[in-house]
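Participant: The structure follows.
Quick note: the coordinates plus some simple rules give every number you see, no bench work behind them. Since the structure is predicted, the reported quantities are computational estimates derived from the model, not experimental observations. Neighbour counts run over all protein chains shown; Cβ positions are idealised from the backbone, glycine included.
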Amino acid sequence: MAQVGLIGLGTMGHGLAEALTRAGLEVSAHEPLAGDAVVASGKFALEPDLAALVSKLTPPRRILLMITAGDPVDAMIDRLTPLLAPGDIIIDGGNSHFGDTRRRGESLASSGIRYLGVGISGGEKGAREGASVMAGGADDAFTDAQDILEALAASDGDVLCCAHMGLDGAGHFVKMVHNGIEYAVMQAIAEAWSLMRGLAGLDHGAIADQFREWNQDTHQSYLFQITATVLETIDTDSGAPLLDVIHDAADQTGTGRWLVAEAMDLGVPAPTIAEAVAARSLSGAVDARAALATKRDLPDDVEDDGLLDAIGEALLGTILCAYAQGFSVIRAASAHYEWGVDCAAVARIWRKGCIIQSALLVPIADAFKKHPDLAVLLQDGDIKQLVGDAEEGWRDTVAAAVLAGLPVPAMASALGYLDALRSERLWTALTQAQRDLFGAHTYRRTDRDGRFHTDWPVGD
């Protein structure tokens, strides 16, 4: 009898099945779409249908779904439910929307079937070598599936990158935030590449060297590492750098948009993540960009001294602000849905295995360990110091980019976010007055409690 059932043998599912067998777990698997299956390695049993799969599992049966998010998950649950018994566990390891996870868990509970929504980050490499695993669901379901989830996890020293985020949709929500931060970090890296090319005049090889230097000194980032690899890769067809022949209309899966929408619903500012999502959408406006394209004469008076250091500081500050925004969204959602997410644990399990893994997560984890109720990450003394040390070069970089006409939406929005947070009084007093004048929405005063409305003079 098998200890784990796995449905979905695409690249990720196959890699996870092999990881489970390496951990000593007996696996039975099924691929509902035969053409999508990666050839089985012989290390686990391949069952022809769901009934055969379920019959091979030891109770309580534990089944990991690695199929396309959305309707296919609902359809699979509908097919599985009649075959399962109370106490069995369905584990959704795909990129499901957390709202769907909450709905499915509530529906299955009436049948006594337990449901875990598990965010798994790391891509194909993570599936093979260990991922970051963010679980959501009831405590007992997590406990009964913990050996499976930990078998999939990477490790940072003696710490497994697997944790229980909270009830129902907490795991998939945290994974959604991970993906939103990923968008922002990738956008910041792309802007740094653009500036090193456009302002510093570096070629791809020199830029790759610079990313490796930053990675060794400060970041230890998977995204920095693969950026250097991309920059050095040559297209076998043309002999040109591969990056030069890749179309610049960027795709997206939708998780970034989900996060921006949730942040807005929760009233949490996440402007850098929003700009990163918008940048991908803007890149797709190919016809409009072609019609408006202007050949720019880049400035020849840019000071080379310290330029690369300044770009590095802008990159660091932007990435820290992206993390800050993501964790603020997690905190707000955790309070709203009563999940009790431990932000220090989130930072720890993102340290290895996942796409946004970075050495910066060490001081971030320390910050939330010292101050579990930290409203904004930038309030922590050590993080504040890191941002402060980057500020001068960051401002110089954004200013130089603006003067050169080089778009840096992530770097500029992150700097604006920082400046707004540090402003004792903002422009929004005028906004409140305007709202009261045209819509009688009222406003609060600084000198006494209550809400007030002014009988404004009628304008021209």
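Participant: Between rounded, prolate and oblate, where does segment 359-460 land on the alpha carbon gyration tensor, with a ≥ b ≥ c its root eigenvalues, rounded for a/c under 1.5, else prolate if a/b exceeds b/c?
Facilitator: Oblate, because a/c is 1.5 or more while a/b does not exceed b/c.
Participant: Take the Cα gyration tensor of segment 260-350, multiply each eigenvalue by 5, square-root it, and list the three semi-axes largest first, rounded to whole angstrom.
Facilitator: 35, 21, 9
Participant: Which shape class, rounded, prolate or oblate, goes with segment 4-168 when its Cα gyration tensor gives a ≥ b ≥ c as root eigenvalues, a/c under 1.5 marks rounded, and past that a/b bigger than b/c marks prolate?
Facilitator: Rounded shape, in that the Cα axes give a/c under 1.5.
Participant: Okay, moving on. Expressed as a fraction of 2.2 N^0.38 Å, the rule-of-thumb size for a compact globular protein of N residues, what is the C-alpha radius of gyration of the chain?
Facilitator: On the way: Rg = 24.6 Å, N = 460, 2.2 N^0.38 = 22.6 Å.
So the chain has a normalised radius of gyration of 1.09.
Participant: With runs of 4+ DSSP H residues as the only contributors, calculate the mean residue ellipticity of the chain at 222 nm using -39,500 (n - 2.57) per run, divided by the residue total and rounded to the nearest 500.
Facilitator: -16500 deg cm²/dmol
Participant: Starting from the Cα of Ser194, step 7 Å along the direction of its Cβ; do the same at Ala288; then give the gap between the two resulting points in nm.
Facilitator: Taking the two extended label points, one gets 1.5 nm.
Participant: Evaluate Rg over Rh across segment 176-421, taking Cα atoms for both radii and Kirkwood's formula for Rh.
Facilitator: The Rg/Rh ratio comes out at 0.97.
Participant: Leaving out same-chain residues fewer than 8 places away, which lysines sit with a Cα under 16 Å from that of Lys352?
Facilitator: Counting by Cα, and skipping residues close in sequence, Lys352 has these lysines nearby: Lys125, Lys175.
Participant: Please work out the Cα center distance from segment 374-440 to segment 60-107, rounded to the nearest Å.
Facilitator: So the separation of the two Cα centres works out to 42 Å.
Participant: Next question. Project the alpha carbons of segment 156-302 onto their principal axes and report the range along each, largest first, in whole Å.
Facilitator: Computed over segment 156-302, the largest-to-smallest principal extents equal 54, 43, 37 Å.
Participant: Apply 1/(1 + (r/R0)^6) to the Cβ-Cβ distance of Ala85 and Phe452, taking R0 = 60 Å, and write down the FRET efficiency to the nearest 0.05.
Facilitator: Efficiency computed from Cβ-Cβ geometry: 0.45.
Participant: Considering Cα pairs under 8 angstrom that are at least six residues apart, work out the relative contact order of the chain and quote it in whole percent. Could you put the intermediate results ahead of the total?
Facilitator: Working: 795 pairs, mean separation 60.8, N = 460.
Answer for the chain is 13 percent.
Participant: For the Cα atoms of the chain, what angle does the longest principal axis make with the long axis of helix 255-266, in degrees from 0 to 90, nearest 10?
Facilitator: It is inclined by approximately 70 degrees.
Participant: Can I ask one more? How far is helix 381-404 tilted, in degrees, relative to the longest principal axis of the Cα atoms in the chain, given as a value from 0 to 90 rounded to the nearest 10?
Facilitator: The angle comes out at about 60 degrees.
Participant: Taking a label point 7 Å from the Cα of His441 along the Cα→Cβ vector, which residues of segment 416-432 have an amide N closer than 16 Å to it?
Facilitator: The answer is 426-432.
Participant: If the only charges are +1 at each Lys and Arg Cβ and -1 at each Asp and Glu Cβ, what is the size of the charge dipole of the chain around the Cα centre, to the nearest 20 debye?
Facilitator: Result for the chain is approximately 1300 debye, rounded to the nearest 20.
Participant: How many nm separate the modelled label positions at Glu213 and Ala51, each set 7 Å beyond the Cα in the direction of the Cβ?
Facilitator: Distance between the two pseudo-spin positions: 6.7 nm.
Participant: Using only Cα atoms, tell me the angle between helix 98-109 and the longest principal axis of the chain; keep it within 0 to 90° and round to the nearest 10.
Facilitator: 30
Participant: What is the extension gain from Met1 to His336, computed as 0.36 nm multiplied by their sequence separation minus the C-alpha to C-alpha distance, in nm to one decimal?
Facilitator: Value of the extension gain: 116.4 nm.
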